[in-house]
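So the structure is just underneath, and the comments pick up after that.
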Amino acid sequence: MIRRKWPAAGVGVLLAALTAGLALPSAAVAGEPTGRDAPQVDLVLDVSGSMRTRDIDGQSRMAAAKQAFNEVLDATPEEVELGIRTLGADYPGDDRKEGCKDTAQLYPVGPLDRTEAKTAVATLSPTGWTPIGPALLEAAGDFGDGDGSKRIVLISDGEDTCAPLDPCEVAREIAARGIGLTIDTLGLVPNAKLSRQLSCIAEATGGTYTSVEHQDELAERVNELVDRAAEPVVTPVAAEGAASCAKAPTLESGLYTDREEFGQQRWYRVDVLPGQELRASVSVAADRAVNPDHGVLLRAVTVHDREIVRGEAAGTGRTDVLSTGLRYPKPERDDDDGDKPAAETVCLAVTHSFSPGAGVKTTPGLPLELTIDVVEGPDGSSDVASFGLGRGWWLLGTLVLAGFLAGLVWGWLSRWRFAVWRTS
């Protein structure tokens, strides 16, 4: 998750895993952006009664949001399909059951008609409840088919009023579907409770949370998120690890996503040819309250359970994500009998030591991202380090020679000065 506070920026970065897979002539590598479909963004705006509050640059929160939306609509890239959903915009009564149904698509996700969208926004008036959970559930179905990026931008000034439907649990459910949907959240003049709720929603899907207190900050941040949707992205491919290497799925180069229960171990298989190098990394995100002091372990082992190499990382609860990685170069075969070399099956085991906090749900498991990259191995003569120095030998030699010459010059100058002193 990226947490950002305006105007002072404090940014924490969730792992950005980019993969460079083996070239395939006819099919895309797992996780590779195809670029065939337009990116889609659904702006979800809180229009509850609290949006009447006048504390953003001398105007109401609703007025600031409308002005920001107009700027965003003017700046939206042509290739982005944009929609607008509201929550709390229509039901003014006191019936909680009815108020928690109050979410509607104001403008459908699709090619943008700026005039029509602005007209729809202009009709909004702060009205009812704050059904964030129901709105997110509906928003997840607002997108069309296709493999373009999908992003929800939720803007709210208050926490959800429709418990027990927890919006954080809703976000986790959306993430567990494996549809590659990201939810970014923005809190208008938020209190601590709202910040925690919006942060949790964003964390569950790998999105961002931003606290906003000025109208220009709101417009700037929403523009950034819409522009980000238009950037090429790598969408993780859902993969289900197994409880043992023998039953594990075989993965190619790419970016994969999975869920791992507390106390569970997930196994995956990768085929590596002689002369190739396996590069693997894993990130496990704490999308709910967990106890401090935890770790992540990634092991590469043979099918006979002999460990080849491992990567591990430990955390104390200061960050939301723990990441580690490993590299395994498989040497070339010495014998060259003309036969096609056989690939070695490498088993990757992912284990984490996160433990849930008191009263925290343990299902679904914690989200993990696994990056697999199988590339041509390094040349022994050029890339392998010599005594741990590699190409640093030339620099070390230069420094030694320079030191030797400097010592000679300093010694000669010292002798000359001593001789001058004796003769004077």
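The values are calculated or read from the model by the stated rules, or taken from the named source; none is laboratory data. What you see is a predicted model; the values in this text were computed from it and never measured. All Cβ positions, glycine included, derive from the backbone under ideal geometry; neighbour counts span all protein chains shown. Surface areas here come from the heavy atoms of the whole protein model, side chains and all, with no ligands, DNA or RNA. Shrake-Rupley method; radii C 1.70, N 1.55, O 1.52, S 1.80 Å.
Annotation note: of Gly397, Gly377, Gly325, the sole residue that is within 23 Å of Phe262 (Cα to Cα) and at pLDDT 70 or above is Gly325. Scanning segment 219-264 for residues that are open to solvent by 40 Å² or more (accessible area, probe 1.4 Å) and among the acidic types (Asp, Glu) yields Glu220, Glu224, Asp227, Glu231, Glu240, Glu252, Glu261. Going by the conditions given, is Gly58 of a type outside the set (D, E, K, R) and open to solvent by less than 30 Å² (accessible area, probe 1.4 Å)? No: the conditions fail for Gly58.
Mind checking whether some residue in segment 251-271 is touching a Phe, Trp or Tyr at 6+ places or on another chain (Cβ under 8 Å) and more than 28 Å from Ile174 (Cβ to Cβ)? No, there is no match, as no residue in segment 251-271 is touching a Phe, Trp or Tyr at 6+ places or on another chain (Cβ under 8 Å) and more than 28 Å from Ile174 (Cβ to Cβ).
Residues considered: Glu252, Glu277. Of these, the only one that is in a loop (DSSP other than H, G, I, E, B), outside the structural domain of Thr205 (by TED's automatic domain parsing) and touching a residue at least 24 places away in the same chain (Cβ under 8 Å) is Glu252.
For segment 86-104, a residue qualifies if it is in contact with an Asp or Glu (Cβ under 6 Å, 6 or more places away or on another chain), open to solvent by 10 Å² or more (accessible area, probe 1.4 Å) and in a strand (DSSP E or B), and exactly one does: Thr103. From the list Val309, Val270, the one residue that fits, being in the same structural domain as Ser244 (by TED's automatic domain parsing), assigned to a strand (DSSP E or B), more than 19 Å from Leu366 (Cα to Cα) and open to solvent by less than 20 Å² (accessible area, probe 1.4 Å), is Val270. Scanning segment 277-306 for residues that are within 30 Å of Pro331 (Cβ to Cβ) and in contact with a Phe, Trp or Tyr (Cβ under 6 Å, 6 or more places away or on another chain) gives Leu278, Ala300. Within segment 353-376, being assigned to a strand (DSSP E or B) and open to solvent by less than 10 Å² (accessible area, probe 1.4 Å) holds for Leu366, Leu368, Leu370, Ile372, Val374. Is it the case that some residue within segment 59-82 is part of a strand (DSSP E or B), touching a residue at least 12 places away in the same chain (Cβ under 8 Å) and more than 29 Å from the chain's Cα centre (by Cα)? Among the residues of segment 59-82, at least one is part of a strand (DSSP E or B), touching a residue at least 12 places away in the same chain (Cβ under 8 Å) and more than 29 Å from the chain's Cα centre (by Cα), which makes the answer yes. None of Leu194, Leu225, Leu165 is in contact with a strand residue (DSSP E or B) (Cβ under 8 Å, 6 or more places away or on another chain) and touching a residue at least 40 places away in the same chain (Cβ under 8 Å) except Leu225. Among the residues making up segment 276-293, those that are open to solvent by 10 Å² or more (accessible area, probe 1.4 Å) and more than 18 Å from the chain's Cα centre (by Cα) are Gln276, Arg279, Ala289, Val290, Asn291, Pro292, Asp293.
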